[in-house]
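Student: Pasting in a structure now, in structure tokens, and then I'll have a few things to ask.
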2 protein chains.
Amino acid sequence: MDLTNLHWLSASDAARLIRDGVVGSAELVQACLARVRETDAQVQAWAFLDPDHALAQARAADELRLSGQPVGPLHGVPVGIKDIIDTADMPTENGSVLCAGRTPSRDASVVAMLRAAGAVIMGKTVTTEFAVRAPGKTRNPHNPAHTPGGSSSGSAAAVATGMVPVALGSQTGGSTIRPASFCGVYGLKPTHGLVPRHGMFRLSRTLDHVGLFARSIEDLALLMELVVGYDERDPDSRPRARVPYRDVAAEEPPLPPMFAFVRTARWDGVDADAKEAFAELTGHLGERVETLELSDAAEEASEWHRVIMEAEMAANLSREWETGRARLSESLCARLERGRDVRALDYLRALTRIPELHASFAELFAQRYDAIVTPTAAGTAPEGLGSTGDPAFCTLWTLCGMPALSVPLMRGANGLPLGVQLVGPRHGDARLLRTARWLVTHVASM
Amino acid sequence: MDLTNLHWLSASDAARLIRDGVVGSAELVQACLARVRETDAQVQAWAFLDPDHALAQARAADELRLSGQPVGPLHGVPVGIKDIIDTADMPTENGSVLCAGRTPSRDASVVAMLRAAGAVIMGKTVTTEFAVRAPGKTRNPHNPAHTPGGSSSGSAAAVATGMVPVALGSQTGGSTIRPASFCGVYGLKPTHGLVPRHGMFRLSRTLDHVGLFARSIEDLALLMELVVGYDERDPDSRPRARVPYRDVAAEEPPLPPMFAFVRTARWDGVDADAKEAFAELTGHLGERVETLELSDAAEEASEWHRVIMEAEMAANLSREWETGRARLSESLCARLERGRDVRALDYLRALTRIPELHASFAELFAQRYDAIVTPTAAGTAPEGLGSTGDPAFCTLWTLCGMPALSVPLMRGANGLPLGVQLVGPRHGDARLLRTARWLVTHVASM
């Protein structure tokens with residue numbers, strides 16, 4: 001075992017090696033901590049990281065295994081948690097000075113689920129202010145002059161640099177897909193309601209999703225098996241039969257998948273190198289891909305998304321706005337002010353569009369396509385740290401609550417990574433992972 | 001069998017006699033139609049009633065039974081349906097000239113459920129305009145100079161006069177409890193989401209409930225067994241285990257129930273004779289009742305109810321407002337205009353109160369009380385047909401989605417009926433019926 005590269009182990013491999021006694025959790029966590037020391041001065045992925053506490057969890061995991069007790073599917077594996085997701089043993093500051101020193105007394109549902117699976121909670125990763133736009137300190141691991149994307153900046157960057165094999169983030173606009181694309185890792189926004197959000201900062205009930213970051217599809221499938229579940233404290237969670245995500249993701253599709261290439265009305269604004277990369281990809285796919293024009297309704301979705309998000313965030317941040325406005329960023333204040341003026345009539349109208357839109361996509365998937373292929377962003381990570389980029393290519397899929405996946409398949413002319421976004425039908429998460437695996441294998445064989 | 005009084009049979013008795021071949025459905029429906037001819041010129045309970053069509057359904061029911069095929073629990077029994085609930089074989093006009101001649105192509109879920117149980121859909125009962133305030137033509141069956149209450153005016157009046165044994169209505173404010181109280185019948189607003197609303201005019205997703213009218217608790221329990229069920233087309237419907245409502249309602253409570261008498265902040269406005277009637281009732285109950293003061297939060301609920309109802313009705317009636325405003329009542333226009341101005345912020349804040357309120361009541365029920373006893377209205381049906389009365393005593397329970405029942409236990413100084421409202425915890429519908437039966441028996445033995 002080459003201990004100098006332990007930090008590049010996938011979560012699935014690490015869990016297997018730990019279970020088999022080949023690697024200790026403490027060894028793995030120490031390797032990841034060494035990687036943090038090596039890279040984080042530049043990347044700045046962490047809002048909170050106490051090496052001793054991480055190591056203490058790892059040692060306890062090793063002791064438990066040595067005692068002969070059964071271990072969970074993520075036993076001893078370190079995970080990064082976006083700093084809007086509550087942890088009982090670490091601060092959760094939501095990327096805002098208004099929450100400085102906030103120490104929740106309970107774990108969020110997803111954190112409790114990961115701990116139950118044996119995970120070591122490595123630390124809290126940097127988020128933009130309240131998971132909206134104002135950037136945190138994180139830099140793109142491939143070029144520190146570029147944004148890592150946001151709002152789940154730290155989670156994407158930490159996974160990309162090998163500081164943790166997997167991490168949790170969130171997505172309300174494009175907060176998982178965009179940083180995954182910019183940092184060159186896999187990012188999955190599962191179907192709305194599938195992963196419970198209890199204990200995660202609530203920006204928008206209608207749009208908030210827990211997001212997952214990993215360096216392999218197998219790891220995303222493993223995470224899905226752990227964090228999908230019913231929680232009555234999330235009003236959009238429903239009891240559902242268990243899905244064997246790993247088995248489905250690993251299967252060969254019975255037929256080669258069929259893709260719909262959706263350029264969207266924003267295609268003119270896509271960078272030339274990104275356009276070329278898509279031309280190459282669709283060229284590879286040949287008759288397995290068709291270009292699909294969206295309906296006008298779908299093209300208007302970003303406006304409905306804006307109305308819903310701004311109205312709900314104004315309600316959810318009303319206490320902060322009323323008592324701490326001076327300590328919010330200007331950009332957040334401006335959005336909250338707009339949100340406070342939204343009429344209930346417009347908000348409710350926007351909500352009624354969701355099932356309509358969703359039905360039209362459901363039909364497309366049922367009749368012809370396994371997945372939509374579409375840009376994650378207008379191009380690679382923009383230069384500068386003043387903005388985390390534009391979520392415009394993600395909002396439609398977030399609004400519809402459909403599963404979306406960024407696959408690190410492309411590179412820009414500047415050498416920075418660029419993800420391809422795959423979108424599937426609601427509750428088609430496992431098959432979307434299977435389709436993505438087919439695509440990655442297919443492209444690799446070109 | 002005294003055929004002259006068939007129309008006073010309960011639905012449960014009628015179903016039994018029809019199943020056993022003692023009475024024919026056609027005989028029963030003819031008796032009810034005779035009762036309509038006798039009383040409806042004055043009461044005016046029906047928006048649509050085609051005697052031939054009702055009789056044709058009854059004859060088909062008789063033929064089916066004679067053919068030896070199994071029959072449902074409401075086989076051959078006539079039911080009145082509020083004219084905001086779609087029927088595929090009769091018009092559904094929502095109490096508005098804007099919907100004159102509207103003929104839906106499908107039955108609402110609840111109508112389909114009743115037909116599957118063998119019911120004869122007698123006709124459509126009068127509603128106020130879009131189930132809001134502007135009265136229909138129905139008069140109080142006990143005194144035609146008085147309102148029957150609303151918005152389910154026709155359903156309450158038709159059951160009270162023996163034109164049908166049972167009927168469906170709805171409640172968004174107090175539209176089941178109030179007319180049941182004013183007409184002297186039982187009215188049940190079940191737990192929110194329990195009875196699917198697909199195919200019923202949507203005024204407010206958050207507040208709309210299907211309501212049930214009957215002349216006995218046994219009949220309400222029978223109806224509940226038929227109309228409670230999961231329907232994915234109602235966004236608030238959830239799959240749930242079947243409850244044997246009739247068995248539970250018929251059981252003797254293991255301990256005599258404990259009541260909380262809630263006078264509410266509106267007690268000062270309650271009529272003197274109603275206050276006396278409550279004093280007598282609580283006197284009878286002795287140590288089985290305690291007076292309970294509501295929290296300030298509960299007293300503010302009518303304002304939250306107003307914000308939610310007006311915002312949602314403005315969205316749901318926006319097409320009517322935009323294209324047919326001149327043909328809406330002035331009072332409805334005024335409410336829609338207010339609703340169109342509600343801010344999403346205030347609407348969303350009001351929504352967050354519901355689970356908070358509900359939690360505080362859930363605790364009260366879990367710790368000490370079987371049911372809340374509270375007024376249905378400030379007194380008996382007011383004189384005049386220009387208003388259907390004030391729903392203020394119902395809105396809190398509607399907002400919380402808790403089951404509420406009007407029990408025809410009292411009479412005013414003017415001889416008109418007055419119901420007592422019993423309220424139970426969410427999903428405690430069957431036990432609430434059991435508690436009501438105990439109360440009725442207990443009071444009768446005084």
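Student: Quick one: with label points 7 Å out along Cα→Cβ, list the inter-copy distances for B:Ala444 in nm, shortest first?
Tutor: Label-point distances to the other copies, shortest first: 7.7 nm.
Student: Let me ask you something else. Enumerate by residue number the chymotrypsin sites (Phe, Trp or Tyr not before Pro) in the range A:201-267 meeting two conditions: DSSP loop (anything except H, G, I, E, B), and at most 15 other Cβ atoms within 10 Å of the site's Cβ.
Tutor: Qualifying residues, ordered by number: A:Tyr230.
Student: Using amide H atoms built in the peptide plane, which far-off residues or other-chain residues are under 5 Å from B:Ser170 H to H?
Tutor: Placed amide hydrogens put B:Ser152, B:Gly211 under 5 Å from B:Ser170.
Student: Would you kindly work out, in nm and rounded to one decimal, the distances from the label point of B:Gly286 to those of the same position in each other copy, ordered shortest first, with label points 7 Å along Cα-to-Cβ?
Tutor: With the label placed 7 Å along Cα→Cβ, B:Gly286 yields 9.1 nm.
Student: May I pose another question? Rg and Dmax of chain B over Cα atoms: what are they, in angstrom?
Tutor: Looking at chain B, its Cα Rg and Dmax stand at 20.5, 62 Å.
Student: Across bins of 10 angstrom width beginning at 0, how are the C-alpha pair distances of the range A:191-345 distributed, in whole percent?
Tutor: Values per bin, smallest distances first: 9, 22, 29, 29, 10, 1.
Student: With label points built 7 Å along Cα→Cβ from the Cα atoms of B:Leu55 and A:Thr103, find their separation and express it in nm.
Tutor: A separation of 8.2 nm, rounded to one decimal place.
Student: In the range A:309-386, what trypsin sites (Lys or Arg not before Pro) fall in a loop by DSSP, with at most 12 other Cβ atoms inside 10 Å?
Tutor: For trypsin sites (Lys or Arg not before Pro) across the range A:309-386 that sit outside H, G, I, E and B with at most 12 neighbouring Cβ atoms in 10 Å, the list reads A:Arg368.
Student: Fully extended, how many nm does the chain gain between B:Lys275 and B:Ser295 (0.36 nm per residue separation, minus their Cα-Cα distance)?
Tutor: Between B:Lys275 and B:Ser295, full extension yields an extra 5.0 nm.
Student: Each residue of the range A:75-89 in turn: what ³J(HN,Hα) in whole Hz from Karplus with 6.51, -1.76, 1.60 and θ = phi - 60°, glycine and Pro shown as x?
Tutor: These are the phi-based 3J(HN,Hα) values: 4, x, 8, x, 10, x, 10, 4, 6, 10, 10, 5, 10, 6, 10 Hz.
Student: Counting partner chain Cβ atoms within 10 Å of every residue's Cβ in B:344-357, what's the average?
Tutor: Other-chain Cβ atoms within 10 Å of each residue's Cβ, averaged: 5.
Student: Take peptides B:15-21, B:402-408 and line them up by average Cβ neighbours within 10 Å, highest first, as a rough protection proxy.
Tutor: B:402-408, B:15-21
Student: Let me ask something else about it. For the protein assembly as shown, report the % of Cα-Cα distances exceeding 50 Å.
Tutor: So the portion of pairs separated by more than 50 Å is 31 percent.
Student: Around B:Thr376, which amide H atoms from residues at least 5 apart in sequence, or from another chain, sit under 5 Å from its own amide H, with H modelled in the peptide plane?
Tutor: Residues meeting the amide H criterion: B:Gln421.
Student: Right, here's the next one. Counting only Cβ atoms, what residue of chain B lies nearest to the axis that sends chain B onto chain A, and how many whole Å off?
Tutor: Spelled out, residue of B and its Cβ distance from the axis onto A: B:Ala344, 2.
Student: Take every residue in peptide A:424-433, count the Cβ atoms of other chains within 10 Å of its Cβ, and give the average of those counts.
Tutor: Across A:424-433, the average partner-chain Cβ count within 10 Å equals 0.
Student: What helices in chain B pass both tests, a Cα length along the helix axis of 27 Å or more and a mean Kyte hydropathy of 0.0 or higher, using whole DSSP H runs?
Tutor: Helices meeting the criterion: B:344-367.
Student: Between B:Gln42 and the same site in the other copies, what are the distances in nm, shortest first, taking label points 7 Å from Cα along the C-beta direction?
Tutor: Label point to label point, same position, other copies: 9.4 nm.
Student: Modelling each spin label as a point 7 Å along the Cα-to-Cβ direction, I'd like the B:Ala41/B:Arg238 distance in nm, to one decimal.
Tutor: About 5.3 nm separates the two model spin labels.
Student: What residues qualify as long-range amide H neighbours of B:Phe261, i.e. H under 5 Å apart, gap of 5 or more or another chain, H built at 1.01 Å from N?
Tutor: When sequence neighbours closer than 5 places are left aside, the close amide H contacts are B:Glu290, B:Thr291, B:Leu292, B:Val373.
Student: How large is ³J(HN,Hα) for each residue in the range A:402-418, as worked out from phi by the Karplus curve 6.51 cos²θ - 1.76 cosθ + 1.60 (θ = phi - 60°), to whole Hz, x for Gly and Pro?
Tutor: Karplus values, whole Hz, x for Gly and Pro: 7, x, 10, 9, 9, 10, x, 9, 10, 9, x, 4, 7, x, 7, x, 8.
Student: Exposure proxy check: B:Ser152, A:Ser295 ranked by fewest other beta carbons within 10 Å?
Tutor: A:Ser295, B:Ser152
Student: Next question. Which of the GluC sites (Glu not before Pro) found in the range B:168-241 are loop residues per DSSP with 16 or fewer other Cβ atoms within 10 Å of their Cβ?
Tutor: B:Glu232
Student: What Kirkwood hydrodynamic radius, in Å, does the range B:11-249 give when the mean of 1/r is taken over all pairs of distinct Cα atoms and then inverted?
Tutor: One decimal place: 17.3 Å for the Kirkwood radius.
Student: Shifting gears a bit: At 222 nm, what value in deg cm²/dmol follows for the protein assembly as shown if DSSP H runs of at least 4 each add -39500 (n - 2.57) and the sum is divided by all its residues, to the nearest 500?
Tutor: The helix-only estimate for the protein assembly as shown comes to -12500 deg cm²/dmol at 222 nm.
No lab work stands behind these numbers, since they all come straight from the coordinates. From a predicted model like this one, the values you see are computed outputs, not experimental measurements. So basically every Cβ, Gly included, is an ideal-geometry build from the backbone, and we count neighbours across all protein chains shown.
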